Amino acid sequence: MSKTGKILGFAGLIIATFMGTLDSTIVNIALPKLMTEFNTNLSGASWVATIYALALAVFMISATKLADKFGRKKVMLLGLAFFTLFSAACMYANSLSMLLVFRFFKGIGGAIITPLVLPIGINLLGKQNISKIAAVVGAFTALSAASGPAAGGIILEYTSWHWIFGLNVPIGVIAFLLVLIFTRESYDDTLVGKFDILGMLMLTLTLGGLTFGLLEGREYGWTSTLILSSFGAGIVGLILFIFVELKVSSPIVEFNLFREKTFTASSIVYLITGFALVVPSVIFNYYLQNVLNYTALHAALTIIPVSLAIVVAMPLGTKLSDKVGANPVNFIGILLISASFLTLSLITTETSRTVMIVFLIISGAGFGFSTVSYVSSVKHLPQAKTGTGSGIANSARQIGMCLGIAVLVTILNANVATAKNDISDTAIATVNSKNISDHTRHVATTEIKTLFSKDDSKNTDYAAKQKQLTHKLKTAASDQSHLPIPAANTDYRTLYDATQKLSVGTNQLTEALQKTSHLTASNAQATTIINSLMSGSTTLEKGQNKTSTAVQLLAQKDELQDALHQIKVHKNTQMSQAFSKTYLICAIILVICSPIALFSDRRVTD
């Protein structure tokens, strides 16, 4: 095959891996739109993302083994066809249940595509280029995962949610044609015996049970019957899987691969990068949109530097690993990610966007370096086993993301719940300390309790709820009945007292004129004059009453504005701290795991 043909074939593979991985994160930003479209809650809409991640984690290893046995190109084309056709189906889904079914089959397509890119690429370009091939594949895998929220935000800004899925159709067709025309078939020639169907079923049970439990534990409760049963099924499946694999001649997972320590260590490092990727793609994106009230597009543009830094750092890391080995590169990568999360823990709502972007660039550089673990995972495996090795490494990364969602989002939810309780108590105390009417106070405390409700952890539309609170407070504060007297020693109190004194004087004048009118009742001219004076006095009194009410309203408005400002400052501080604690915990976990990277490569002696 000509050099141009090989380049086109490899381009088709890269397009396929980018598309398959991108879909695992791009849909998250569209969940609010899907909630509206299908009249469901966040829990229901989140299954659109969950079921795809579930399919990826469960079927990757089995897909690579099927491809090794029956032909990688055939299975890859099947995966691309699945992915493209069900992308089109998702685009036109008219119910949530239909969308979930389509997303599941689309996930099977993604599970086939992602791990087969590397072995087909090695067969196309040669084992001697394995480092370069794996570097490019790893870079685009990390890039696509990090680009998901950004791409989703841009699509939603200028089109509709349908194109979150429909975008893959023309891209999928291009990838299918390039792979069909410019790649060649390959197998694992070392496989003997029948395909291990029982092992595949046990592996599916294992990964399905464990992954479902990790992804949905927060939703159903970690001690719920469903989640405990899910974990139980996963553990039983694992025991049966190990028993089956030790008995068959051609196992789904060849345990002797793990004797290659670089493969084992690199797969764990790749799992760690998947775990850490949850921070910029999910948690920080959540912070931008729900704490800083960024639009989806604004948040997307803020996160994009992570992807750009990966593009630069991954090839740089690969070149460094060729000179000094992957050990220091992977190690430095994890430490850079840890350092970036440490810096993110220092941000507040007053931190400039530029500073946040700098911190994210550090994170992207770390991901670029640590993704070299994908190169080192298969570097020392026989070429025939690169398919299985790629499947295990990619599956490890998906499991890492599931772990990240389970652990980090659970920690974040706990931190946010604690923060919300503190904010609610402080806000109510602040409102109660202000000189406002009882009606306004009641509305304020009720809305504060609703906004920071313990049962509202799944509702993320805080911007809308804050607007609702402000609107109801304005309505309540405009009620002129039972207005409080302005607080002592304030300008409003001085003005209020002055209007009250004027009102007293006007009342006395009116009473004097009424007495005089009785004495001059026989004098028509005098009576007319006095009646005019009395009318003017009455008008003056009404004006003074309106002035007094206006002063009371203005005083109450200032009290409310001051209360809301204090509440906002406290809320921003507490919510920022909730996220900061989550970043710190993730950074600590990464630092503890970082020494594993020092075993991800070895020097080869000829």
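In the range 479-488, how many residues are polar (S, T, N, Q) and either at pLDDT 85 or above or touching a His at 6+ places or on another chain (Cβ under 9 Å) (or both)?
1
What is the residue count in the range 298-324 for residues that are surrounded by fewer than 19 Cβ atoms within 10 Å (Cβ to Cβ) and within 27 Å of residue 376 (Cβ to Cβ)?
Going residue by residue through the range 298-324, those that are surrounded by fewer than 19 Cβ atoms within 10 Å (Cβ to Cβ) are 298, 301, 308, 311-312, 315-316, 319-320, 322-324.
Those left that are additionally within 27 Å of residue 376 (Cβ to Cβ): 308, 311-312, 315-316, 319-320, 322-324.
The qualifying residues number 10.
Which condition number does residue 269 fail, the rest of (1) open to solvent by 10 Å² or more (accessible area, probe 1.4 Å); (2) under 30 Å from residue 199 (Cα atoms) being met?
(1)
In the range 329-338, which residues are of a type outside the set (Ser, Thr, Tyr) and crowded, with 19+ Cβ neighbours inside 10 Å?
Taking the range 329-338 as the starting set, the residues that turn out to be of a type outside the set (Ser, Thr, Tyr) are 329-337.
Matches in the range 329-338: 329, 330, 331, 332, 333, 334, 336, 337.
Do you know which residues across the range 418-449 are polar (S, T, N, Q) and in a helix (DSSP H, G or I)?
418, 421, 424, 426, 430, 432, 440, 445, 446
Of the residues 181, 227, 235, 239, only one is closer than 30 Å to residue 46 by Cα, open to solvent by 70 Å² or more (accessible area, probe 1.4 Å) and not acidic (Asp, Glu); which?
Only one candidate qualifies: 235.
In the set 112, 130, which member is in contact with a helix residue (DSSP H, G or I) (Cβ under 9 Å, 6 or more places away or on another chain), under 30 Å from residue 600 (Cβ atoms), among the hydrophobic types (A, V, I, L, M, F, W, C) and crowded, with 24+ Cβ neighbours inside 10 Å? Even if it seems obvious, please write down each step before you answer.
On the way: 130 fails: crowded, with 24+ Cβ neighbours inside 10 Å.
Just a single option satisfies the conditions, and that option is 112.
What residue, among those in the range 54-96 that are open to solvent by 10 Å² or more (accessible area, probe 1.4 Å) and within 23 Å of the chain's Cα centre (by Cα), is nearest to residue 123 (Cα to Cα)?
54
Conditions first: (1) more than 24 Å from the chain's Cα centre (by Cα); (2) in a helix (DSSP H, G or I). Residue 247 passes all but one, so which condition is the exception?
(2)
Can you name the residue in the range 348-379 that is more than 19 Å from residue 146 (Cβ to Cβ) and among the β-branched types (Val, Ile, Thr) and is also least open to solvent (accessible area, probe 1.4 Å) among such residues? Lay out the reasoning, then the answer.
Applying the first criterion (more than 19 Å from residue 146 (Cβ to Cβ)) to the range 348-379 yields 348-352, 354-355, 376-379.
Filter once more, so that each one left must be among the β-branched types (Val, Ile, Thr): 348-349, 351, 354-355, 378.
Working: 348: 62, 349: 37, 351: 33, 354: 98, 355: 59, 378: 0 Å².
Result: 378.
Taking interchain pairs and intrachain pairs at least six residues apart, which have beta carbon atoms under 7 angstrom, with the first residue in the range 273-286 and farther than 13 Å from residue 586 by Cα and the second small (Gly, Ala, Ser)?
281/145; 281/146; 281/148; 285/299
Considering only the range 248-265, I want to know if a residue exists there that is among the hydrophobic types (A, V, I, L, M, F, W, C) and more than 25 Å from residue 21 (Cβ to Cβ).
Yes; the residues of the range 248-265 include at least one that is among the hydrophobic types (A, V, I, L, M, F, W, C) and more than 25 Å from residue 21 (Cβ to Cβ).
Of the numbered conditions (1) modelled with pLDDT under 65; (2) open to solvent by 40 Å² or more (accessible area, probe 1.4 Å), residue 526 fails exactly one; give the number of that condition.
(2)
Quick one: what pairs do we get from the range 570-595, first residue assigned to a helix (DSSP H, G or I), second surrounded by 22 or more Cβ atoms within 10 Å (Cβ to Cβ) and aromatic (Phe, Trp, Tyr), C-beta under 6 Å, 6+ apart or different chains?
That search, which allows pairs on different chains as well, returns 579/287; 583/341; 586/341; 587/341.
The values are calculated or read from the model by the stated rules, or taken from the named source; none is laboratory data. Not measured: the values here are computed from a predicted model. Heads up, the Cβs are rebuilt from the backbone with ideal geometry, glycines too, and the neighbour counts pull from every protein chain shown. For accessibility, only protein heavy atoms count, side chains too; no ligands or nucleic acids. Shrake-Rupley method; radii C 1.70, N 1.55, O 1.52, S 1.80 Å.
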